[in-house]
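Below is one structure, written out as structure tokens, with a few remarks after it.
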Amino acid sequence: MRPGRYGVWCGRVDTFARNHWRALSVLLGLMLAAFAFNTAENLPAGLIDRIAGDLHVPLWAVGLLVSCYGLTVAVVSVPLAHLTRAVPRRHLLTGVLAALAVSGPAAALAPAYVPLLGARLVTALAQAFFWAVLGQVAAGLFAPRVRGRVLGTVSLAGSLALVAGVPAGTWIGRHDWRLPFGLLAVLALAALPPIAALLPTTAPDSAPAAYASEPDTRRFRVALVAVTLSATGGFAGFTYVVALLGGESGFAPGAISLLLVCLGVACLAGVAATGPFLDRFPWAALAAAVLTQSAALLGLAAARHQALAACFLALFGLALGPVFLAAQNAMLRHAPRRTDLALAANSGAYNAGIAAGAALGGLVLARAGVRTTFAAGGLVSLAAGLTLLRAARPRHPGSPPAPPGSIRR
């Protein structure tokens, strides 16, 4: 599609945005891609024993297929976003989905562990590109007044991977773990046509969401710190949630599986409920999600009855998904420079927090037990929430608001 035919992405309401069927088609493609990438990231967790047995490697080596994936995304997100800052988003996303369409089957056909790890790292590089531009592209398809709801819709598709994608992949792979990895190519190829055909090739600098609506360096930095701390606290607990539910709360294995499904459903519900609030109360939505997560983790650490543990687990799910969603929205609102770099920084910070949380939880678990692990995660999340509340107050009460388009420092 030639950019001039349908109008140029710019600050005005453009022709492309008024072609709602085109915008919706691209949005559906982005949602399917988000579902595919989140499924790809977490798929080995459900197939860990089968992969280990088939490739004759220890379980911890298969665990590295997930942890190395996350660390790769954390490390390369910002550098890759910077290197590709001038590449039209249609070309970039087309290449990203093509990489997933190739790396999925490459993982499925891997004859040994090292080629499988290499295919996973290719997928991780593609995901780093994808999450760096996803929010900017999706938000730019529609009017600014509904961008929070648009981000919520895309995040809903990503969260659905944990509820449906990974369980479905685990079920499909119960006899042959390779098949689910091969099916990732089907998802990538299904998402590719609307993006490759309907997304304009306009320069990224002229995209509607290329720059923040309310640039604010202080809030941008606070949001990055908060998302890192909240991911650290959240995954310090989430990584060891089965140990808490089984070893401490006394749930049977079948009940634990059901509770994990409920956790995923609660995560979906939290994302769906948060989206509409992002357009009216963006900073409050982020702070509320982080503080809710803190309360849930501390509640799980203290709960001695199964009913209370189940309630706090559901509360944890309601908060876990909205944290990343609300942080993405903060990047689009407050980034001091381009939003793609800010979104890449947000993705990198969140993945770094996941890795740090798993490490923190393991250290605390070895020394003080699983309940203390959840208490530590709750306190780290509380620190993130209090940081956000402090940043919500103006620096100079009574001072006039900054003019539109200015950068607060």
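The values are calculated or read from the model by the stated rules, or taken from the named source; none is laboratory data. If you're wondering where the values come from, they're calculated on a predicted model, not measured in any experiment. Cβ atoms come from the backbone with ideal geometry, glycine included; neighbour counts cover every protein chain shown. Protein only, heavy atoms only, side chains kept; ligands, DNA and RNA dropped before computing areas. Shrake-Rupley method; radii C 1.70, N 1.55, O 1.52, S 1.80 Å.
Under the condition of being crowded, with 17+ Cβ neighbours inside 10 Å and either among the acidic types (Asp, Glu) or over 17 Å from residue 372 (Cβ atoms) (or both), the residues counted in segment 296-315 number 4.
Which of the residues that make up segment 111-156 are outside any helix (DSSP H, G or I), within 29 Å of residue 62 (Cα to Cα) and among the hydrophobic types (A, V, I, L, M, F, W, C)?
Filtering segment 111-156 for residues outside any helix (DSSP H, G or I) gives 111-112, 141-143.
Imposing the further condition that a residue be within 29 Å of residue 62 (Cα to Cα) reduces the set to 111-112.
Correct list: 112 only.
Of all residues in segment 251-268, those being in contact with a helix residue (DSSP H, G or I) (Cβ under 7 Å, 6 or more places away or on another chain) and either of a type in the set (Asp, Glu) or open to solvent by less than 50 Å² (accessible area, probe 1.4 Å) (or both) number 8. Regarding residue 98, is this residue out of contact with any helix residue (DSSP H, G or I) (no Cβ under 7 Å at 6 or more places or on another chain) and either open to solvent by less than 20 Å² (accessible area, probe 1.4 Å) or at pLDDT 95 or above (or both)? Taking the combined requirement at face value, the residue satisfies it. Selection over segment 25-40 of residues that are open to solvent by less than 10 Å² (accessible area, probe 1.4 Å) and among the aromatic types (Phe, Trp, Tyr) gives a count of 1.
Among the residues making up segment 129-155, those that are small (Gly, Ala, Ser) and either under 14 Å from residue 326 (Cβ atoms) or buried (at least 24 other Cβ atoms within 10 Å of the Cβ) (or both) are 132, 135, 138, 139, 140, 148, 152, 155.
For segment 157-187, a residue qualifies if it is part of a loop (DSSP other than H, G, I, E, B) and either under 21 Å from the mean Cα position of the chain (by Cα) or surrounded by fewer than 16 Cβ atoms within 10 Å (Cβ to Cβ) (or both), and the qualifying residues are 174, 175, 176. In this entry, residue 278 passes the filter for residues that are closer than 21 Å to residue 147 by Cβ and open to solvent by less than 20 Å² (accessible area, probe 1.4 Å). Applying a threshold of 8 Å to beta carbon distances and a minimum spacing of six or more residues, or different chains, the list of pairs starting in segment 341-361 at a residue that is free of Cβ contacts under 8 Å to residues at least 40 places away in the same chain and ending at one that is in a helix (DSSP H, G or I) and surrounded by fewer than 21 Cβ atoms within 10 Å (Cβ to Cβ) is empty.
Residue count for segment 201-242 satisfying the condition of being at pLDDT 80 or above, more than 16 Å from the chain's Cα centre (by Cα) and surrounded by 17 or more Cβ atoms within 10 Å (Cβ to Cβ): 10. Per the listing 12, 85, 18, the residue uniquely under 22 Å from the mean Cα position of the chain (by Cα), open to solvent by 60 Å² or more (accessible area, probe 1.4 Å), at pLDDT below 85 and not small (Gly, Ala, Ser) is 85.
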